[in-house]
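Taking it in order: structure first as structure tokens, then the write-up.
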Amino acid sequence: MHERGPGSFCWFDLKTRDVAATSTTLVETLGWTVSEPERLHAAKILRCSGHPVASLSDLANPVYPADLPEHTAWYLAVDDVEARTRLASDAGAQIVVAPFELPGLGAMSTIIDPFGAAVSLWEQRGFAGWTHDLGAPRTPSAPRHSGPDPTAAREFYVALGLNDVEAGFIHGNEPAWNAQINVLPSTRLRFPVWWPADGSPAG
């Protein structure tokens with residue numbers, strides 16, 4: 001078992017308006033299984049070989065704004081969510097959700113980095129996220145950041161505490177963190193918010 005520590009990506013949550021269809025796509029494409037969320041605030045938990053790899057949240061839930069688009073929320077493990085959020089803000093990030101506690105699980109915040117990509121910072125206090133071995137087939141690895149200035153983006157995240165060698169930084173017109181799945185066939189998954197890697201190494 002390999003829990004991710006501070007400085008590593010540790011989780012992602014697919015926020016979708018069709019939980020059933022998204023679940024079916026992932027089961028059929030990756031062989032993941034679907035389970036109940038237990039302690040997590042999500043509609044479903046996805047597993048690979050018994051390891052939790054992602055969650056699904058239902059945007060039909062009234063806690064979400066009606067016009068919120070489908071998207072993928074990525075979680076970067078940090079040692080101190082309040083301190084790291086302040087550091088991100090001082091470096092030009094926008095705080096979207098200020099740090100708050102999820103009792104028994106952890107504390108988190110959500111920022112938009114200076115390049116336009118959103119990411120959540122997660123200080124684990126009971127839930128550490130991924131436990132699968134690095135590089136295990138059909139499992140997620142750290143996502144790839146696309147944006148207008150990959151070098152500056154990498155420097156921002158390293159200053160924020162990123163030490164995840166699996167994370168990649170590439171040039172892109174739409175700032176985002178995009179998924180990478182280990183040993184995934186080149187076929188693209190057909191739902192709006194999540195694009196797996198084509199097997200090429202992180203840039």
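The values are calculated or read from the model by the stated rules, or taken from the named source; none is laboratory data. Given the structure is predicted, the values throughout are model-derived calculations rather than measurements. Methodologically, a virtual Cβ is constructed for each residue, glycine included, from the backbone with ideal geometry; neighbour enumeration extends over all protein chains shown. Note: areas computed on protein heavy atoms with side chains; ligands, DNA, RNA excluded. Shrake-Rupley method; radii C 1.70, N 1.55, O 1.52, S 1.80 Å.
Points worth noting:
- With only Cα atoms counted, region 92-143 has Rg and Dmax values of 13.6, 37 Å.
- Our helix-only sum for the chain, with -39,500 (n - 2.57) per DSSP H run of n ≥ 4 divided by its residues, gives a mean residue ellipticity at 222 nm of -5000 deg cm²/dmol.
- Size descriptors for the chain, from the alpha-carbon set: Rg then Dmax equal 15.8, 44 Å.
- Heavy-atom accessible surface of region 52-186: percent carbon and sulfur, 1.4 Å: 54 percent
- Here region 56-81 and region 136-182 have alpha carbon centers that stand 19 Å from each other.
- Long-range Cα-Cα pairs in region 10-53 (distance over 16 Å), rounded percent: 32 percent
- Cα-based shape type of region 2-95, given that a ≥ b ≥ c are square roots of the gyration tensor eigenvalues and the cut on a/c is 1.5: oblate
- Normalising the Debye intensity of region 79-184 to I(0), with uniform scatterers on Cα atoms only, and taking log10 at q = 0.23 Å⁻¹ returns -1.31.
- Positive contributions from Lys and Arg (+1) and negative ones from Asp and Glu (-1), summed over other residues with Cβ under 15 Å from the Cβ of Val63, come out at -1.
- Relative contact order computed over the chain (Cα-Cα under 8 Å; 6+ residues apart), in percent: 22 percent
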